[in-house]
Amino acid sequence: MTGYILVVDDQSDVRCMLVEFLTESGFRVKSASNGWDCLRITRSTEKPMLILLDNQMPNITGIEVLSILKNDSSTREIPVIMVSGTDNMEEIAKKHGACAVFTKPPNFNTLLQEIQEVMIGIQSKYKVICQSWRENNQK
């Protein structure tokens, strides 16, 4: 499956650490240093398969970005995992559409496990869509 994971964090050390970890884990990765860049990238032709999103960023918070993504028909299906230093984020992030929430610094094994589960869900959904398309076009 082609595609990439988008890492969004204003702290360059955290962003680089996540990008390096994901790259070494076999994923294609892009990054953004703020929420506005995240929104610009997600509206491009090649959308990310998954977004890892920080909350506390200048100008626009991760929750605000998440809300915009989930209210836009062109981006609402992109899974978002919040990775934030903000305490008590889980309830509000999930209310706005995050599929998981991790506190910084995340446990990389647990984060990788969650990413793999999300990817399995994406692949399953893709297979169902392809099967349905084949069935409708073989008539």
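The values are calculated or read from the model by the stated rules, or taken from the named source; none is laboratory data. Only a predicted model underlies this, so the values are computations on that prediction, with no experimental measurement involved. Note that we place each Cβ from the backbone using ideal geometry, even for glycine, and neighbour counts take in every protein chain shown.
Numerical summary
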| quantity | calculated |
| --- | --- |
| Failed condition for Thr23, given (1) touching a helix residue (DSSP H, G or I) at 6+ places or on another chain (Cβ under 9 Å); (2) within 19 Å of Thr110 (Cα to Cα) | (1) |
| Selection count where residues are among the polar types (S, T, N, Q) and surrounded by fewer than 16 Cβ atoms within 10 Å (Cβ to Cβ), scope region 23-50 | 4 |
| Tally, over region 72-123, of residues that are among the acidic types (Asp, Glu) and within 17 Å of Ile5 (Cα to Cα) | 3 |
| Which numbered condition Asp13 misses (of (1) modelled with pLDDT under 95; (2) surrounded by 16 or more Cβ atoms within 10 Å (Cβ to Cβ)) | (2) |
| Pair list, Cβ under 6 Å, 6 or more apart: region 22-49 residue within 18 Å of Asn71 (Cα to Cα) and free of Cβ contacts under 8 Å to residues at least 40 places away in the same chain, other residue assigned to a helix (DSSP H, G or I) and not small (Gly, Ala, Ser) | Gly35/Val65; Cys38/Val65 |
| Residue selected from region 84-109 under the condition among the charged types (D, E, K, R) and either closer than 13 Å to Leu52 by Cα or modelled with pLDDT of 85 or more (or both), by the criterion surrounded by the fewest Cβ atoms within 10 Å (Cβ to Cβ) | Glu91 |
| Selection count where residues are in contact with a Leu (Cβ under 9 Å, 6 or more places away or on another chain) and outside any helix (DSSP H, G or I), scope region 31-44 | 2 |
| Qualifying residues in region 45-90 (those that are aliphatic (A, V, I, L, M) and assigned to a loop (DSSP other than H, G, I, E, B)) - the one farthest from Gln116 (Cα to Cα) | Ile60 |
| Qualifying residue in region 121-133 (condition: closer than 15 Å to Asp10 by Cβ and either hydrophobic (A, V, I, L, M, F, W, C) or at pLDDT 90 or above (or both)) | no |
| Leading residue by the ranking (surrounded by the fewest Cβ atoms within 10 Å (Cβ to Cβ)) among those in region 51-79 that are closer than 29 Å to Asn109 by Cβ and out of contact with any Gly (no Cβ under 8 Å at 6 or more places or on another chain) | Glu77 |
